[in-house]
Amino acid sequence: QVQLVESGGGLVQAGGSLRLSCAASGRTGSRYTMGWFRQAPGKEREFVAAITWSGGSTYYAESVKGRFTIDRDNAANTVHLQMNSLKPEDTAVYYCAARYGAFNYAKSLYNYWGQGTQVTVSS
């Protein structure tokens with residue numbers, strides 16, 4: 001089992017920045033791909049970004065490319081999502097997720113999820 005706890009959400013004006021963190025505990029010795037997903041009110045949960053266990057490969061949704069950056073520190077069992085140039089359409093609950101093995105976009109293939117952190121971007 002892996003437990004994930006997100007932090008760093010909040011209220012920010014359009015154009016601002018936030019840095020989300022995800023702390024992992026439990027069976028963190030396995031090679032997990034870590035991802036961030038988000039869910040806006042009335043919408044399905046969607047993929048935002050992911051990073052492989054080694055950190056050598058990162059993946060982003062088209063809507064956040066060039067604005068968001070994902071990174072991880074395996075020694076500290078943490079993953080971060082740096083979000084710059086935020087837009088009102090980025091408003092959502094952001095979830096950290098872990099998947100054992102290779103990267104995949106599908107949320108159904110992620111085994112562990114955090115409780116989410118709210119990000120609100122005002123115009």
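Give the residues of the stretch 81-123 that are open to solvent by less than 80 Å² (accessible area, probe 1.4 Å), free of Cβ contacts under 8 Å to residues at least 60 places away in the same chain and over 24 Å from GLY26 (Cα atoms), sorted by residue number.
Scanning the stretch 81-123 gives ASP90, THR91, ALA92.
Quick one: how many residues across the stretch 68-80 are of a type outside the set (Ser, Thr, Tyr) and either open to solvent by less than 10 Å² (accessible area, probe 1.4 Å) or modelled with pLDDT of 95 or more (or both)?
Qualifying residue count for the region: 5.
Over 18 Å from TYR110 (Cα atoms), in a strand (DSSP E or B), in contact (Cβ under 8 Å) with a residue 12 or more places away in the chain and not hydroxyl-bearing (Ser, Thr, Tyr) - does that describe any residue in the stretch 55-64?
no
The values are calculated or read from the model by the stated rules, or taken from the named source; none is laboratory data. Just so you know, these numbers come straight off a predicted model, no measurement behind them. Heads up, the Cβs are rebuilt from the backbone with ideal geometry, glycines too, and the neighbour counts pull from every protein chain shown. Heavy atoms of the whole protein, side chains included, go into the accessibility calculation; ligands, DNA and RNA do not. Shrake-Rupley method; radii C 1.70, N 1.55, O 1.52, S 1.80 Å.
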